[in-house]
Structures are given as C-alpha cells and as structure tokens.
Amino acid sequence: MQKKNNITIPNYPASVDNVDITLNENSKITVSLKPKDENPEDNPVSVDYVKSLYGKTQTTLKPTSNGYDLDITGLPNQIGYYQLEIELKSALGELEKKTLNGNILKGKIKVNFFDRPNPGKNHYGSADVNNDNTVNA
C-alpha cells in the first residue's frame with residue numbers, strides 16, 4: 001500500500017502595499033500602487049477601479065510600467081478621516097476589494113507678504129500714522 005499525503009495550497013487574496021495617503025485639504029498627492037498576489041498563477045494583478053467612500057476626495061488612476069500612479073485630491077472644506085476602495089483583479093479573474101485609510105488635514109493658509117494691508121494709506125499698515133515708512137507710537 002502506498003501512503004499519500006495531501007497538500008493544500010492556500011489561495012491568498014490580491015493585495016497592495018500600505019501607502020501613506022495623508023494630505024491637506026484642497027491639495028493633491030500621488031502614490032504608487034503595486035498590486036500583487038502571493039499565488040504566482042494569479043499574477044499579474046490589475047486595479048479595476050478606485051473610488052472615494054465618503055466623497056471627500058477625487059481620484060485618478062494611471063497605469064505605469066511597474067504598477068499604477070494614484071492621484072488623490074482633497075476637496076475644499078473636507079477634513080478628517082477618509083477611505084478609498086480599491087478593486088483588484090487577478091490574472092485568473094478573481095476580484096478582491098481593499099480599503100485604504102487616510103486623513104485630510106486642514107490646509108495651510110497662504111500669506112502674500114507683498115500684499116499691502118492698507119493700500120490707500122501706507123505700505124506698513126496702520127502703525128505708520130505719518131506715512132513716513134516708520135512705526136509711530
């Protein structure tokens with residue numbers, strides 16, 4: 001009699017590396033996605049779509065020679081926690097959904113140092129009461 005051993009090979013789900021998707025409101029970042037699968041027969045893995053789950057961002061997916069570039073734009077007046085859903089597709093047609101978690105931070109205030117605070121009065125603001133470009137007490 002022959003002894004037989006059964007070996008079970010697990011079917012791993014497709015995945016992408018964890019990426020930092022923290023950004024400022026009303027700004028854009030680009031992250032690289034490299035989808036993969038631990039089962040060689042399932043590679044290459046493609047990205048079918050990426051969508052914003054809370055509507056706080058807009059996304060654009062662009063194929064590259066070694067994966068995908070994902071542009072993420074934080075929309076105005078949208079701050080806090082957000083999620084993106086990614087659907088991955090293996091070479092055998094298996095679909096896998098993944099969620100990326102991110103945070104939108106309050107945007108930085110732009111200051112124009114060349115903007116005159118009181119254009120009709122003087123260059124340095126209201127502290128120059130004599131318009132002689134010095135601060136008067």
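Bin width 10 Å, alpha-carbon pairs only: give the P(r) of segment 14-58 as whole percents, running from 0 to the bin holding the largest distance.
In whole percents, the pair-distance histogram is 21, 46, 25, 9, 0.
If you filter segment 15-107 for GluC sites (Glu not before Pro), then keep DSSP loop positions with at most 14 other Cβ within 10 Å, what is left?
Glu38
Once you treat every alpha carbon in segment 23-105 as an equal point and sum by Debye, what is log10 I(q)/I(0) at q = 0.18, 0.25 Å⁻¹?
-0.74, -1.16
What is the local net charge at Tyr12, summed over the other residues whose Cβ is closer than 9 Å to its Cβ (Lys, Arg +1; Asp, Glu -1)?
-3
For the pair Leu105/Lys62, report the inter-label distance in nm, with labels modelled 7 Å from Cα in the Cβ direction.
Computed distance between label sites Leu105 and Lys62 equals 2.4 nm.
Could you work out how far apart the two model spin labels at Asp69 and Ala91 are, taking each label as a point 7 Å from the Cα in the direction of the beta carbon, and quote it in nm?
Reported label-point gap for Asp69 and Ala91 is 2.7 nm.
Write out the trypsin sites (Lys or Arg not before Pro) in segment 1-110 meeting two conditions: DSSP loop, and at most 16 other Cβ atoms within 10 Å of their Cβ.
Of the trypsin sites (Lys or Arg not before Pro), the ones in loops of segment 1-110 whose Cβ has at most 16 other Cβ atoms within 10 Å are Lys3, Lys4, Lys106, Lys108, Lys110.
By the scheme Lys and Arg +1, Asp and Glu -1, what is the net charge of all other residues having a beta-carbon under 9 Å from that of Glu85?
Cβ neighbours under 9 Å give a net charge of +2.
Lys pairs in segment 21-80, Cα-Cα under 18 Å, at least 8 apart or on separate chains: how many?
Count of close lysine pairs: 7.
Quick note: the coordinates plus some simple rules give every number you see, no bench work behind them. Please read all numbers here as calculations on a predicted model, not as lab measurements. Heads up, the Cβs are rebuilt from the backbone with ideal geometry, glycines too, and the neighbour counts pull from every protein chain shown.
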